[in-house]
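The next block holds one structure in the form of structure tokens; read it before the comments.
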Amino acid sequence: MAFRPFHPSAADSKGKMASKWDKETARDICAWIQRATGESVPSDDPTSFAETLNDGQTLCKLANQIKPGAIKKINKMKMPFHKMENIGWFSDFLREYGVQAEYIFVTVDLYEKQNVPQVLIALKWLKIESEKKGVKL
């Protein structure tokens, strides 16, 4: 997990995050996730989006739909470490699947809601990569 130092301007991060939120992309990605996993993910705002994906289980299910067996064991426990481990495994999957490094998020972007738009960007590029490879979800 990457360390990002706290900066005083982070106090206004919720407002900044909302201003970077692309609702059209979010709707498209959330619909794609639902088709692939059967899990409903809200697209209206970054906070509810992050809270739904926070345990990493849906992301791991998505990875396994794209590439069966990509994530061997999905943690069902609700302990913070288990949630972060799922998110980390998904980030590893993104890298291994071919999503470029500049699009991949770090665990705290999602788990601590530090940069949720980056999570959306990563998912957008995962969708693009999977479509290029002929995966139909």
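When the helices of the chain are scored as -39500 (n - 2.57) per DSSP H run of n ≥ 4 and the total is divided over every residue, the value at 222 nm lands at -18000 deg cm²/dmol. Axis of helix 23-37 versus longest Cα principal axis of the chain: the two differ by about 40°, to the nearest ten degrees. Each residue, T52 and R95, gets one label point 7 Å from its Cα in the Cβ direction; the gap between the two is 2.8 nm. Compactness of region 23-133, taken as the C-alpha radius of gyration over 2.2 N^0.38 Å, stands at 0.94.
Relative to the current alpha-carbon distance between E112 and Q34, full extension at 0.36 nm per residue lengthens the span by 25.8 nm. Of the residues T47, L137, Q118, the one whose Cα sits farthest toward the positive end of the charge dipole of the chain, with +1 on the Cβ of Lys and Arg and -1 on the Cβ of Asp and Glu, is L137. In this label model, T25 and L137 are separated by 1.6 nm, measuring between points 7 Å along each Cα→Cβ vector. Taking 0.36 nm per residue of separation and subtracting the current Cα-Cα distance, fully stretching the chain between I128 and K78 would add 14.9 nm.
The label-point distance for E102 and D44, in a model that sets each label 7 Å from Cα toward Cβ, rounds to 3.4 nm. Summing Cβ point charges (Lys, Arg +1; Asp, Glu -1) relative to the Cα centre of the chain gives a dipole of roughly 380 debye. Ranked by the mean number of other Cβ atoms within 10 Å of their residues, highest first, the peptides 66-74, 32-40 come out as 32-40, 66-74. A simple packing score, the average count of other Cβ atoms within 10 Å per residue, orders the peptides 78-91, 118-131 as 118-131, 78-91, with the highest score first.
Bear in mind these aren't lab numbers, they're just calculated from the coordinates by the rules spelled out. This one's a predicted model, so the numbers in the text were calculated from it and none came from an experiment. Methodologically, a virtual Cβ is constructed for each residue, glycine included, from the backbone with ideal geometry; neighbour enumeration extends over all protein chains shown.
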